[in-house]
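The values are calculated or read from the model by the stated rules, or taken from the named source; none is laboratory data. For clarity, every value in this text was computed on a predicted model and none was experimentally measured. Neighbour counts run over all protein chains shown; Cβ positions are idealised from the backbone, glycine included.
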Amino acid sequence: MTSNPEATTPDSSPASAKGSEPANVDAAAAPADPSVAYEQRAPESPLPARTVPGEVASTHIAEDHGPDPVLDAGTFERVKEPRAAARLPLGDGTWHQLARQYVIVQLIASGIFLAIVVAATLVLTLALNQAWAWIPGGIMTVIIVWMLIITPRQAKSYGYQLRKDDLVFRRGILWQRVVAVPYGRMQLVDITHGPLDRGFKIAQLKLVTAAATTAVTIPGLSQEAAERLRDTLIDVAETRRTGL
């Protein structure tokens, strides 16, 4: 019997061995994990990230990192809420509050006004014999004393929150108000402070929008917090208006 040369298997042929060699090399070179291949094809870029001012402010607002060392320096610890179950909820996110010096300024201002009312009442009743002055003087004295009592509690009810697309401001315990101001609607950010405010290094920040009903005034901010908040809001408002 003679052996048939065509009966040999294809794998034993030289041509077949040469053809299978690159496939074996590719299989050995390819990594098992696709992420490894992705990292090899796309190395980390050495170029720095973009530093557009508005974009930086927007990223800072979009990502809630908790208390801010400038906005929350010397402020109250938490927003005071009503005890009723039907109160407006605080929701998620970080609420920033007023500086503690705001209470001192309000107490001094109310105390000065109370002294003027009491002095005017005494002059009208005792020096000028105007007995009717006891009625308005007494009513105003009761109101001012009541304001002095509730001022610390009322100051703790103020709070503002920087969200991704708007600023939320809330105040009040008996009469609550919560307003959201979109960044793109802001037209003017104003900082004002009086003589007492300057003495205690606080200021108030006013946000003016196209609609008068959505205007917001945040009192009792430290000067550093007011300037920081003003610059941040201006940058974000410019970003929203230009569509960046």
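Below, the figures for the structure above:
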item: Residues satisfying the stated conditions in region 92-126, i.e. assigned to a loop (DSSP other than H, G, I, E, B) and either of a type in the set (Asp, Glu) or touching a residue at least 40 places away in the same chain (Cβ under 8 Å) (or both); result: Asp92, Gly93, Thr94, Trp95, Gln97, Leu98
item: Which numbered condition Thr214 fails, given (1) exposed (fewer than 14 other Cβ atoms within 10 Å of the Cβ); (2) touching a residue at least 12 places away in the same chain (Cβ under 8 Å); (3) under 19 Å from the mean Cα position of the chain (by Cα); result: (1)
item: Looking only at region 184-199, and only at residues there that are of a type in the set (A, V, I, L, M, F, W, C) and not in a helix (DSSP H, G or I), the one that is modelled with the highest pLDDT; result: Ile191
item: Residue in region 191-202 that is closer than 24 Å to Asp92 by Cβ, hydrophobic (A, V, I, L, M, F, W, C) and in the same structural domain as Leu71 (by TED's automatic domain parsing) present; result: no
item: Test result for Glu238, among the acidic types (Asp, Glu), farther than 22 Å from Gly159 by Cβ and touching a residue at least 40 places away in the same chain (Cβ under 8 Å); result: yes
item: Condition met for Ala237 (part of a helix (DSSP H, G or I), over 21 Å from Thr75 (Cα atoms), under 17 Å from the mean Cα position of the chain (by Cα) and aliphatic (A, V, I, L, M)); result: yes
item: Only one of Val105, Val118 that is touching an Asp or Glu at 6+ places or on another chain (Cβ under 7 Å) and either at pLDDT 95 or above or in the same structural domain as Ala215 (by TED's automatic domain parsing) (or both); result: Val105
item: Region 149-201, residues that are among the acidic types (Asp, Glu), crowded, with 16+ Cβ neighbours inside 10 Å and under 21 Å from the mean Cα position of the chain (by Cα); result: Asp166
